[in-house]
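This report concerns only the one structure given below.
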Amino acid sequence: MPKLKIKKGDQVVILSGDDKGKTGEVVKAMPKENKVVVQGVNLVKRHTKPSQTTPGGIVTKEAPIHVSNVALAKDGKATKIGYKTVDGKKVRVARKTGEVID
């Protein structure tokens with residue numbers, strides 16, 4: 001299974017596509033498909049049948065985006081992510097600032 005440097009809960013900025021420049025929080029990460037779902041970005045409309053739980057109709061929801069089209073947002077700007085060992089633990093580091101992310 002491939003490793004994603006972007007995790008659920010990260011603030012990301014969109015690098016390409018219709019939503020270029022928008023920022024949002026990662027709602028779901030899908031490592032097997034190399035995709036992430038970002039809140040309020042890449043919205044699509046789906047026609048759904050009514051069921052016992054949902055009334056049906058046209059539903060707007062977020063579609064997955066390839067992980068190469070998003071970057072971690074630090075101070076509103078995109079930054080790459082690297083790894084460092086701090087106190088014997090592997091942590092994510094913002095490449096632009098050298099700041100530890102988690």
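The values are calculated or read from the model by the stated rules, or taken from the named source; none is laboratory data. Being a predicted model, the structure only gives us computed values, none of them experimental. Here Cβ is always computed from backbone atoms with ideal geometry, including for glycine, and neighbour counts include all displayed protein chains. Just the protein is used for accessible areas: all its heavy atoms, side chains included, with ligands, DNA and RNA removed. Shrake-Rupley method; radii C 1.70, N 1.55, O 1.52, S 1.80 Å.
Brief remarks follow.
- Meets criteria (touching a strand residue (DSSP E or B) at 6+ places or on another chain (Cβ under 8 Å) and either free of Cβ contacts under 8 Å to residues at least 40 places away in the same chain or not β-branched (Val, Ile, Thr) (or both)) for Glu62: yes
- Restricting attention to segment 59-102, the residues being of a type in the set (Gly, Ala, Ser) and either in contact with a Pro (Cβ under 6 Å, 6 or more places away or on another chain) or surrounded by fewer than 11 Cβ atoms within 10 Å (Cβ to Cβ) (or both) number 4.
- Each residue in segment 3-58 was checked for being without any contact (Cβ under 8 Å) to a residue 60 or more places away in the chain, assigned to a loop (DSSP other than H, G, I, E, B) and open to solvent by less than 60 Å² (accessible area, probe 1.4 Å), and 11 of them qualify.
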